[in-house]
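Worksheet: one structure, shown below.
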Amino acid sequence: MTALVTFKDVHKSYGTLPVLKGVSLTVPEGRVVALIGRSGSGKSTALRCINGLETIQSGTLEVCGRKLHEANCDLRHLRMEVGIVFQSYNLFPHLTVEQNVTLAPRLTGKASQAEAHEIARKVLEQVGLAEKAKAYPEQLSGGQQQRVAIARSLAMQPRVILFDEVTSALDPELTAEVLKTIEQLAQSGMTMVLVTHEMSFARRVADEIIFMHQGVVWETGDGSMFDNPQTPELRQFVGSGL
Amino acid sequence: MSYQFDFSFLYDYWPDLLAGMRLTIGLSVLSILFGFIFGSACAIARVHGGKTLRTIVGCYVDLVRNTPLVVQAFWLFFGMASMGLKIGAFWAAIITLVINVGAYTTEIIRAGLESIPRGQKEAADCLALRRWQVILYIELPQAVERVYPALVSQFILMMLATSIMSQISVEELTGAAYGIQSMTFRGFEVYVVVAVIYLVLSWLTRTMFEVIARIAFTRRRLRTPL
Amino acid sequence: MTFAGLTPNQLLFILQGAGWTVILSLLGFVGGSVIGLPAAVGRISKNRLLRFGIAGYINLIQGIPLPIIMFLCYFGMSIAGFSVPALVAAAVAMTAYCSAYLAEIWRGALMSVPKAQWEAAECLALKPFQRLTHVILPQAVRISIAPTVGFLVQIVKNSSYAVVIGFAELTYTARLLNNSTFRPFVIFSIAALLYFAICYPLSLYSRRLERRLKRG
Ligand SMILES: Nc1ncnc2c1ncn2[C@@H]1O[C@H](COP(=O)(O)OP(=O)(O)O)[C@@H](O)[C@H]1O
Ligand SMILES: [Mg+2]
């Protein structure tokens, strides 16, 4: 099984503040990896490194066969293969749902106008919003907007999608509909890295769970690690009711 | 006071007024169009350009915004002529107006560009768009929409400002009025008529930009009636 | 002795023009304030007729080019039987122009005083006029200083439109001088420089005030 993402002893700091202090992890193709941990433990930073939104200071980071630690890495081509969904949706407010979804495939030359249209129909169907194609983001609920953001990522036909606490801004009802969409995606075999606070969700969907603490990978395992934490930090984290 | 108002000149001279009006509209449309394009380009340079480019645009904006349009027009028109460059009054006027309204547009759109949330650019980057695509498809449209009312006010001021181009012998509405008053000695009446025409033109300009907004900013229709 | 090919007399002439530009601008600002302030207050009064009347006046002035207003004042006064110097016509036109814009700026400032302040003033049993002068205006003044200083730049620049009625301010003197010397680049550069020297400090000051106000 090929690894799509490989961190080897990755260090990253913001100015003088070290955030990643030697992170090593791999995400095999077709797998779902969940990143959990306290706020500030470096989960978002690690995720943002994967598609080059942040640069690393030392160690090696390979994503889809590209070496991100090398200065001449082509970020644009990397991002054609790596999708990301943010907590704050970041939909383009001046474009319709369909335009949001078709913009990147068209502009990057991945699809013609007609093809993009077809892609949009397909991915919007996938997230259950085919009937909202002509709506504007502000006409949708938060959960619907987040699903459009997922569709927008899918439209680029990425090899891996990154999710950064995509339900934190939503109330429970809407959270459920977004999680359901992600779960369906997981079942379809999409490679995914999820930063999430939804422990039961991580447990159900993820093939592997990575507990980050103070900028390093503290403990890894599958769903059963919650029942049997190996470190006091994870025990405390699980016990804190999250 | 025994002054008798006399508007009979209208009968003889309305073709002059009509021709002037046509020139005023021509000047306005061309300079607003090119001024908008030029100002947008400068605003992008001001926000995304290198240090040198940003400084140059900053100086251009400050220089234009702190000197009068008439002086700019005189400088260009008489200056060019003195160097033997005959570009004609109409094009001298257009160039001056574009440079002038371009500077104001730069400042307005720059404010719009700077007010766009960082997440928009980040999301676009993550979709593998090129830099210019992000600017052209994501940042600029949102910036223009945000500052649209300020832009429209500026464009209306610009339309009114074309009236000074009669000073460099462009026979637009004000120039035509001057010609008529010097032949009829009915200065007050002529300028009353012209003032009314300008009021109508202001109203038309505003209405036209509202129509453009309705077409361009579709989502606005969903919320606020313009 | 010459400077940029101009004799001292010619330079003095152009400086004199700059002086008249300043005077005309001040006249416009003072006149505009005298009319603009009550207009701003009237614009938010409870009296509909007053509100609409003032709005109509403002729209009228803002919809007509300033050169045309200059001409109207110039010819209007002469047919009214006053033989006035161009300065008076220009000052009246500038007053009309400034009053409309200042009224709008100050109305904005008045309206940006929080509603709670208006209500508080009402609860203190102050008379309407006292409410305005003791509670609202002091706060509105703070908000309005930056845009007002910014508008001074517009006033100075737009006073150049008096050139159309032959008032000898900076632009007109520069033009006269150009007619006799045929050195347009030099002369209009000097004129532009003088305008810039007046306007730019005001622009900077306005920008600084604005930033200070934003910081709170
Ligand atoms: N752009 C940034 N500049 C400076 N510090 C940052 C930046 N982004 C994150 N940090 C800091 O890095 C640390 C890790 O942040 P983050 O990766 O967002 O953690 P998590 O997602 O696990 O909550 C935090 O202490 C945070 O304050
Ligand atoms: Mg985070």
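The values are calculated or read from the model by the stated rules, or taken from the named source; none is laboratory data. These figures come from a predicted structure and were not determined experimentally. We place every Cβ from the backbone using ideal geometry, glycine too, and count neighbours over all the protein chains shown. Please note that ligands, DNA and RNA were not included when accessible areas were found on the heavy atoms of the full protein model with its side chains. Shrake-Rupley method; radii C 1.70, N 1.55, O 1.52, S 1.80 Å.
Structure data summary
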{"quantity": "Residue ID - farthest from the other protein chains (Cβ to nearest Cβ), chosen from residues in region B:179-200 that are more than 16 Å from residue B:161 (Cα to Cα), of a type outside the set (Val, Ile, Thr) and part of a helix (DSSP H, G or I)", "calculated": "B:183"}
{"quantity": "Total residues in region A:110-140, condition within 10 Å of chain B (Cβ to nearest Cβ) and without any contact (Cβ under 8 Å) to a residue 12 or more places away in the chain", "calculated": "1"}
{"quantity": "Filtered residues of region A:30-65 (kept if within 18 Å of residue A:81 (Cα to Cα), within 15 Å of the chain's Cα centre (by Cα) and not in a loop (DSSP other than H, G, I, E, B))", "calculated": "A:32, A:33, A:46, A:47, A:48, A:49, A:50, A:63"}
{"quantity": "Residue list for region A:66-87, filter: open to solvent by less than 40 Å² (accessible area, probe 1.4 Å), more than 16 Å from ligand 1 (Cβ to nearest atom) and outside any helix (DSSP H, G or I)", "calculated": "A:68, A:73, A:82, A:83"}
{"quantity": "Number of positions in region A:30-53 that are within 14 Å of another protein chain (Cβ to nearest Cβ) and either open to solvent by less than 10 Å² (accessible area, probe 1.4 Å) or more than 12 Å from ligand 2 (Cβ to nearest atom) (or both)", "calculated": "6"}
{"quantity": "Residue match in region A:201-224 (condition: surrounded by 18 or more Cβ atoms within 10 Å (Cβ to Cβ) and under 18 Å from residue A:87 (Cα atoms))", "calculated": "yes"}
{"quantity": "Where a residue in region A:1-30 is free of Cβ contacts under 8 Å to residues at least 24 places away in the same chain and its partner, wherever it lies, is more than 16 Å from ligand 2 (Cβ to nearest atom) and open to solvent by less than 80 Å² (accessible area, probe 1.4 Å), with Cβ under 9 Å and at least six apart", "calculated": "A:26/A:3; A:26/A:4; A:26/A:5; A:26/A:6; A:26/A:7"}
{"quantity": "Region C:166-189, subset more than 10 Å from chain B (Cβ to nearest Cβ) and hydrophobic (A, V, I, L, M, F, W, C), residue nearest to residue C:69 (Cα to Cα)", "calculated": "C:167"}
{"quantity": "Matching option when the condition is away from ligand 2 (no atom under 16 Å from the Cβ), within 14 Å of another protein chain (Cβ to nearest Cβ), assigned to a strand (DSSP E or B) and open to solvent by less than 10 Å² (accessible area, probe 1.4 Å), among A:150, A:161", "calculated": "A:161"}
{"quantity": "Region B:1-12 - residue that is surrounded by 10 or more Cβ atoms within 10 Å (Cβ to Cβ) and farther than 15 Å from residue B:196 by Cβ and, of those, farthest from the other protein chains (Cβ to nearest Cβ)", "calculated": "B:12"}
{"quantity": "Qualifying positions in region C:104-133 - farther than 23 Å from residue C:23 by Cβ and either among the aliphatic types (A, V, I, L, M) or touching a Cys at 6+ places or on another chain (Cβ under 7 Å) (or both)", "calculated": "C:109, C:110, C:111, C:113, C:116, C:120, C:121, C:124, C:125, C:126, C:132"}
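Residues checked against (1) within 16 Å of ligand 2 (Cβ to nearest atom); (2) in a loop (DSSP other than H, G, I, E, B); (3) buried (at least 18 other Cβ atoms within 10 Å of the Cβ):
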| site | (1), (2), (3) |
| --- | --- |
| A:89 | yes, yes, yes |
| A:92 | no, yes, yes |
| A:98 | no, no, yes |
| A:105 | no, no, yes |
| A:111 | no, yes, yes |
| A:125 | no, no, no |
| A:131 | no, no, no |
